[in-house]
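Below is one structure, written out as structure tokens; the observations come after it.
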Amino acid sequence: VQLQASGGGSVQAGGYLSLSCAASGRTSSSYTVAWFRQAPGKEREFVALIFWDSAITYYADSVKGRFTISRDNAKDTVFLQMNSLKPEDTALYYCAGQNTIALHTTAADFNSWGQGTLVTVSS
């Protein structure tokens, strides 16, 4: 499966952005897509994930209530709606996929990665 992320940009604190992750070559609904982010000088951290078959979602505590992950079956695309953005949300955001349904939040568990898209939140 090939993943392509898009939608980053610059916004002031309190604003919103929406990221997209287009998945091509996916042949099974037993698939999990996650968003990770990496700020300068920090390790890549889990943000949110969605199970493709059931659309069950899971969030990191730091974004719960502000971010929403969803998927569009017809477009084979996963979205990350980010509201009430904070300067600490500034990072490169990556979408990642794995060929199973599992609650994994570690980057090493994911075998497909899109390129990063930069989100910058100014105070």
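Points worth noting:
- Atom-type composition of the exposed protein surface of the chain places 47 percent of the accessible area on carbon and sulfur (1.4 angstrom probe).
- Residues of the stretch 68-93 with amide N under 20 Å of the 7 Å Cα→Cβ point at Ala55: 68-83
- For the stretch 65-70, 3J(HN,Hα) per residue [Karplus equation, 6.51 cos²θ - 1.76 cosθ + 1.60, θ = phi - 60°, Hz, x = Gly/Pro]: x, 10, 9, 9, 9, 8
- Eigenvalues of the alpha-carbon gyration tensor of the stretch 1-48, scaled by 5 and square-rooted, set the equivalent ellipsoid semi-axes at 25, 15, 10 angstrom, largest first.
- Calculated translational diffusion coefficient of the chain (10 °C, 1.306 mPa s; Stokes-Einstein with Kirkwood radius over alpha-carbon pairs) equals 112 µm²/s.
- The stretch 1-65, accessible area per residue, ligands and nucleic acids excluded (1.4 Å, Å²): 52 Å²
- Rounded to two decimals, the Cα-based Rg/Rh of the stretch 75-123, with Kirkwood Rh, is 1.02.
The values are calculated or read from the model by the stated rules, or taken from the named source; none is laboratory data. These numbers were taken from a predicted model, which means no experiment stands behind them. Glycine also receives a Cβ, built like all others from the backbone with ideal geometry; neighbour counts cover every protein chain displayed. When the accessible area is computed, the model is the full protein with side chains, heavy atoms only, and any ligands, DNA or RNA have been set aside. Shrake-Rupley method; radii C 1.70, N 1.55, O 1.52, S 1.80 Å.
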